[in-house]
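Notes follow once the structure below has been shown.
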Amino acid sequence: MDTIRKNLDALFYPKAVAVIGASDKVGKVGHTVVANMISAGYKGQLIPVNPKAAEIQGLKVVHEIADLPRDLDLAVITVPRPAVMPSLKALADIGVHSVIVITAGFKEMDKEGYNLEKEMAELCNERGIALVGPNCLGMINTGSDVNASFAAGYPIKGNIAFFSQSGALCTAILDWALGENIGFSKFISLGNKAVISEAHMLEYLGRDEETKVVLGYIENVTQGQEFLKQAEIVSREKPVIMVKAGTTAAGAKAASSHTGAIAGSDAAYSAAFKKTGVIRVTDVASLFEFAQAFSTQPLPAGPNLAIVTNAGGSGIMAADATEKSKLTMARISNETVEKLRAVLPPFAALYNPIDVGGDAPATRYKDAMEILAADPMIHALMIMVSPTASAQIIETAEAIIEVAKKTDKPIFACYMGKMRVAPGQRMLQEAGIPCYAFPESSIHSLEAMYLYSNWRQKGVPDYPVMPGNKAKVRALFDEVRAAGATEVVEFQAQKVLSAYNLPTPRTALAQSSDEAVAAAESIGYPVVLKIASPQISHKSDVGGVKVNLQDADTVRKMFTDITNRAQRLRPDAHITGCLVQEMAPKGVKEIIIGFKRDDQFGPLIMFGLGGIYVEVLKDIAFWLAPLSREDATGIIREIKSYLLLKGVRGEAPVNFEALEHILLSMSQLAVDFPEIVEADFNPVLVNSEKAIVADVRLTLAS
């Protein structure tokens, strides 16, 4: 792995490149790659490899891979599938450092292709070869004049790096970026990711001095823990913005618990991005709108935005968008208002949005911008231009550029329209000023910068270690597995709660009606009875729960009723008896806390209102374990129903500290025992005094 990482330099900055399957026939991939390398102005040694030709596109041909220079930096393979592995083996024999396999037809096609790709990965991992692909478009590095791809077009040089699993999307984005004058430092099509993955790209681009912003399009992640590690490291230094495709869990296997059913794959990706500071967007347009902002503007020092416009309607639209975001409309100080009054006409609106009038010349815009930029309570400016008859499109753009050079605050432009404003839009973009056609895009981009700035300022989280008796829990799990089970049902899981100091109602296991009465009288009426059986995890399915039992006769009767019914409905189940449990205190709210272990990212913690709320409203927040104390606080406040927990109409707020303790303890349990695949604390009952885990169920890996 370390050798592969080192060989990424050979991939992006090769001194010599060989094209395996080079061709003189226009339309062949091997022809396009050679032509692209030449047209990019590559200054190293470019070597076409073809068994028959003597010369290709003016370059001397090498007939056999064995005749290539040893320790070759980069080889691009374009030959048909049957010839790929022989070519790769020959390249490994001459000590190649990096390879791009453009050829398709591997694991995406059939079993034979899957096996070939597996063989390819094993060889490259063994030899330390940095392999991109197969089934990819290739790679472009404007910093080294390398276009080792069959893309139709070459981007202008910039400070944005982009990697994608989809080669077709790469071609579309490249064409779009050329039209929008957006530049790139690196442009990588990952394809099937046999060796080089998103984690490798994040690590490399994070330390790449030519890259200021990292963009990614992903469909899945194959090295989840390494991805989390690298994403957080890179996000601390530069923004990482991603589109995740395939956001539904329609194809996921139905899970047995509430947590498993609700926590689809998309929830895990959202939690992974949130934990690591990755900025998630839902569409490619937003990906590049955000990229323009981050790649050109400083981060805002706060949320306060001032808007300058020459049209009242557009200013109102921008103000509405701001109010719906995490930004705020800056309050214009009296001193600033007086300065504006001195330079603007009497009809100008001096309170945010600042309307300079439909007839505003560029000088009026400039005066207003300079005054606002000097106000310490304003953190960012958005300059809106509607193409009125008297609007000075180019001159106003020049004024925006001039003011931007004099301030360390982010400045965004919004030139509404298309034809008339196009010259101004182009001028601003070329000068590094983000320019959008509509205010919503500007607001969303600035909001993303503000939230990212806040995330970076939080610093590296501290993860508390919650005490727990791991040996006691391990012994219980061994017992459950020895019995051939994977479900740890409530009467067993009580030991887990005790081992991790989790608060529970007073509970006793009764194996007879007499024991049930004795336990109830010790606990104090009213009590709850719950069926206790290793084979019955959903107690309500067999009528296995009775609440608010007020006396001994009722407890005795209900014990017999519950156990008989369970035996009749589940003759396969061993009935241990019943749990006798104290009733919940009055005024409690039901909470569900659980986790499901995601295959890539690990334990996905879930928090929300329990009972009917979790079924109907699905008002749930997710976070990846381990949880910091700040995470535990944040996940509670993330649900829409948080205000209900704070208390409404005179209600006392719930005990948030007690809920946070349960969340942190569950997180610790998830980290300590990787064999737990799902867990439900449902319900957790909380009031202003305490929180208790009233029911619990765990599922172990089979």
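GLN230 is checked against (1) within 13 Å of the chain's Cα centre (by Cα); (2) assigned to a loop (DSSP other than H, G, I, E, B) and fails just one. What number does that condition carry?
In the conditions (1) within 13 Å of the chain's Cα centre (by Cα); (2) assigned to a loop (DSSP other than H, G, I, E, B), GLN230 misses (2) alone.
Only one of (1) surrounded by fewer than 20 Cβ atoms within 10 Å (Cβ to Cβ); (2) in contact with a strand residue (DSSP E or B) (Cβ under 6 Å, 6 or more places away or on another chain) is not met by ASP514, so which one is it?
ASP514 satisfies every listed condition except (2).
Looking at SER628 and the list (1) under 29 Å from ILE531 (Cα atoms); (2) surrounded by fewer than 24 Cβ atoms within 10 Å (Cβ to Cβ), which single condition is not satisfied?
(1)
Inside segment 81-95, can you point out the residues that are touching an Asp or Glu at 6+ places or on another chain (Cβ under 8 Å) and under 18 Å from ILE4 (Cβ atoms)?
Residues satisfying the conditions are ILE94, GLY95.
Does segment 394-422 hold any residues that are of a type in the set (Gly, Ala, Ser), more than 34 Å from the chain's Cα centre (by Cα) and modelled with pLDDT under 95, and which are they?
ALA422 - this is the single residue of segment 394-422 that is of a type in the set (Gly, Ala, Ser), more than 34 Å from the chain's Cα centre (by Cα) and modelled with pLDDT under 95.
Are any residues in segment 399-414 surrounded by fewer than 18 Cβ atoms within 10 Å (Cβ to Cβ) and either part of a helix (DSSP H, G or I) or without any contact (Cβ under 8 Å) to a residue 24 or more places away in the chain (or both), and if so, which ones? Walk me through it before giving the result.
Narrowing segment 399-414 to residues surrounded by fewer than 18 Cβ atoms within 10 Å (Cβ to Cβ): 401-402, 405-408.
Within segment 399-414, ILE401, GLU402, LYS405 qualify.
Just one of GLY153, GLY158, GLY143 is under 28 Å from ILE38 (Cα atoms) and without any contact (Cβ under 8 Å) to a residue 60 or more places away in the chain; which is it?
GLY153
Give VAL49, VAL33, VAL26, VAL17 a once-over and let me know the one that is over 11 Å from LEU72 (Cβ atoms), surrounded by 19 or more Cβ atoms within 10 Å (Cβ to Cβ) and either of a type outside the set (S, T, N, Q) or in contact with a Leu (Cβ under 7 Å, 6 or more places away or on another chain) (or both).
Exactly one residue qualifies, and that residue is VAL33.
For segment 118-137, what are the residues that are under 17 Å from GLU198 (Cβ atoms) and among the small types (Gly, Ala, Ser)?
ALA121, ALA130, GLY133
When you check ALA499 against the structure, is it modelled with pLDDT of 95 or more, farther than 23 Å from LYS586 by Cα and under 36 Å from the mean Cα position of the chain (by Cα), yes or no?
So ALA499 passes the test.
If the requirement is being of a type in the set (Ser, Thr, Tyr), modelled with pLDDT of 95 or more and over 31 Å from the mean Cα position of the chain (by Cα), which of these qualifies: THR328, THR296, THR309?
Numbers: THR328 fails: over 31 Å from the mean Cα position of the chain (by Cα); THR296 fails: over 31 Å from the mean Cα position of the chain (by Cα).
It is THR309.
Quick check on my filter: what residues within segment 430-450 are in a helix (DSSP H, G or I) and more than 15 Å from LEU381 (Cβ to Cβ)?
GLU430, GLU440, SER441, HIS444, ALA448
Spot the failing condition for PRO376; the list is (1) in contact (Cβ under 8 Å) with a residue 24 or more places away in the chain; (2) surrounded by fewer than 22 Cβ atoms within 10 Å (Cβ to Cβ), and only one is missed.
Failing condition for PRO376: (1).
Among the candidates GLU232, GLU226, which residue alone is of a type in the set (Asp, Glu) and touching an Asp or Glu at 6+ places or on another chain (Cβ under 9 Å)?
Result of the check over GLU232, GLU226: GLU226.
Kindly indicate whether GLY647 is more than 26 Å from LYS470 (Cα to Cα), in contact with a Pro (Cβ under 9 Å, 6 or more places away or on another chain), assigned by TED's automatic domain parsing to the domain that holds GLY608 and not basic (Lys, Arg).
Answer is yes for this residue.
Residues of segment 132-148 being surrounded by 24 or more Cβ atoms within 10 Å (Cβ to Cβ) and over 28 Å from the mean Cα position of the chain (by Cα), which ones?
Once the filter is applied, which keeps residues that are surrounded by 24 or more Cβ atoms within 10 Å (Cβ to Cβ) and over 28 Å from the mean Cα position of the chain (by Cα), segment 132-148 yields VAL146, ASN147, ALA148.
So, LEU287, is that one modelled with pLDDT of 95 or more and either of a type outside the set (Phe, Trp, Tyr) or over 22 Å from the mean Cα position of the chain (by Cα) (or both) or not?
Taking the combined requirement at face value, the residue does not satisfy it.
May I ask you to list the residues in segment 103-119 that are in contact with a Phe, Trp or Tyr (Cβ under 6 Å, 6 or more places away or on another chain), modelled with pLDDT under 95 and of a type in the set (D, E, K, R)?
Within segment 103-119, LYS107 is the sole residue that qualifies.
Any idea which of PHE656, PHE607, PHE622, PHE601 is touching a Lys or Arg at 6+ places or on another chain (Cβ under 9 Å), of a type in the set (Phe, Trp, Tyr) and without any contact (Cβ under 8 Å) to a residue 60 or more places away in the chain?
Details: PHE607 fails: touching a Lys or Arg at 6+ places or on another chain (Cβ under 9 Å); PHE622 fails: without any contact (Cβ under 8 Å) to a residue 60 or more places away in the chain; PHE601 fails: without any contact (Cβ under 8 Å) to a residue 60 or more places away in the chain.
Exactly one residue qualifies, and that residue is PHE656.
Only one of these conditions is not met by ALA342: (1) within 23 Å of SER386 (Cα to Cα); (2) over 32 Å from the mean Cα position of the chain (by Cα); (3) of a type outside the set (S, T, N, Q). Which number is it?
Checking ALA342 against (1) within 23 Å of SER386 (Cα to Cα); (2) over 32 Å from the mean Cα position of the chain (by Cα); (3) of a type outside the set (S, T, N, Q), the one that fails is (1).
Sort through MET369, MET384 and tell me the only one that's buried (at least 18 other Cβ atoms within 10 Å of the Cβ), aliphatic (A, V, I, L, M), touching a residue at least 12 places away in the same chain (Cβ under 8 Å) and touching a Ser or Thr at 6+ places or on another chain (Cβ under 6 Å). Before you say what the answer is, go through the steps one by one.
Working: MET369 fails: touching a Ser or Thr at 6+ places or on another chain (Cβ under 6 Å).
Only one candidate passes the filter, namely MET384.
Quick one: LYS186 ticks every box in (1) surrounded by fewer than 22 Cβ atoms within 10 Å (Cβ to Cβ); (2) over 26 Å from PHE601 (Cα atoms); (3) of a type in the set (Lys, Arg); (4) under 25 Å from the mean Cα position of the chain (by Cα) bar one, so which box is it?
The single condition LYS186 does not satisfy is (1).
Residues of segment 93-129 being touching a strand residue (DSSP E or B) at 6+ places or on another chain (Cβ under 9 Å) and of a type in the set (Ser, Thr, Tyr), which ones?
SER98, THR103, listed by residue number.
Just a yes or no: is a residue in segment 659-676 without any contact (Cβ under 8 Å) to a residue 12 or more places away in the chain and over 25 Å from ALA485 (Cα atoms)?
no
Restricting to segment 81-128, what's the tally of residues that are small (Gly, Ala, Ser) and more than 23 Å from SER166 (Cβ to Cβ)?
The total comes to 6.
One residue is enough: does segment 117-137 have a residue meeting the conditions touching a residue at least 12 places away in the same chain (Cβ under 8 Å) and within 26 Å of GLY179 (Cα to Cα)?
Yes, segment 117-137 has at least one match.
The values are calculated or read from the model by the stated rules, or taken from the named source; none is laboratory data. Not measured: the values here are computed from a predicted model. Note that each Cβ is placed from the backbone with ideal geometry, even for glycine, and that neighbours are counted across all protein chains shown.
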